[in-house]
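Comments concern the structure below.
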Amino acid sequence: MAETVFSTKATAKGGREGHVKSDNGVVDVDLRMPDKNGIPDDASNPEQLFAAGYSACYDGALNLMASKAKKEIDSEITAEVSLNKDPEDNGFKISVKLHVDISGVSQEEAEELAHKAHDFCPYSKATRGNIDVDLHVTSK
């Protein structure tokens, strides 16, 4: 088993209509199912929380890859997480579109850095082969 660098915990109660709280209390949110108007303003959902974690992790990996390539970039990552019907079992599954906006490099360099980050990012590794992840890379 790999050496653990960091561990954290979050506890959920009540599922998608409940509450989740991290061990340090920074994440402390009510959860609600989206309705026809989307996510209520006073609550979150598992997909939104996953999007926050994935976008932050991926941006860190991207900036590390840029640093290793001796490139100065400015980046912004938007993880668009969708809950989809799964026709195989009539259940649900998620998919992700990573919108990768990078300034400071050409489009070709941006795409190369984005793919290297996708190979390195722990969230990308965890989801590889399990969910669809599409990269949408834009150099500004």
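The values are calculated or read from the model by the stated rules, or taken from the named source; none is laboratory data. What you see is a predicted model; the values in this text were computed from it and never measured. All Cβ positions, glycine included, derive from the backbone under ideal geometry; neighbour counts span all protein chains shown.
Report whether or not residue 2 is out of contact with any helix residue (DSSP H, G or I) (no Cβ under 7 Å at 6 or more places or on another chain), part of a helix (DSSP H, G or I), surrounded by fewer than 15 Cβ atoms within 10 Å (Cβ to Cβ) and not polar (S, T, N, Q).
For residue 2, the condition - out of contact with any helix residue (DSSP H, G or I) (no Cβ under 7 Å at 6 or more places or on another chain), part of a helix (DSSP H, G or I), surrounded by fewer than 15 Cβ atoms within 10 Å (Cβ to Cβ) and not polar (S, T, N, Q) - is not met.
Restricting to the stretch 25-69, give me the number of residues that are among the small types (Gly, Ala, Ser) and either in contact with a Leu (Cβ under 6 Å, 6 or more places away or on another chain) or under 18 Å from residue 13 (Cβ atoms) (or both).
Going through the stretch 25-69, the residues among the small types (Gly, Ala, Ser) turn out to be 25, 38, 43-44, 51-53, 55-56, 60-61, 66-67, 69.
Now restrict to residues that are either in contact with a Leu (Cβ under 6 Å, 6 or more places away or on another chain) or under 18 Å from residue 13 (Cβ atoms) (or both): 25, 43-44, 66.
Result for the stretch 25-69: 4.
Given (1) farther than 17 Å from residue 139 by Cα; (2) at pLDDT 95 or above, identify the lone condition not met by residue 78.
Failed condition: (1).
Being closer than 14 Å to residue 118 by Cα and among the aliphatic types (A, V, I, L, M) is the filter here; which residues of the stretch 59-75 pass it? Steps first, please.
Taking the stretch 59-75 and keeping what is closer than 14 Å to residue 118 by Cα, we get 59-66.
Within the stretch 59-75, 61, 62, 64, 65, 66 qualify.
Tally up the residues in the stretch 25-58 that are small (Gly, Ala, Ser) and either crowded, with 16+ Cβ neighbours inside 10 Å or assigned to a loop (DSSP other than H, G, I, E, B) (or both), please.
Qualifying residue count for the region: 5.
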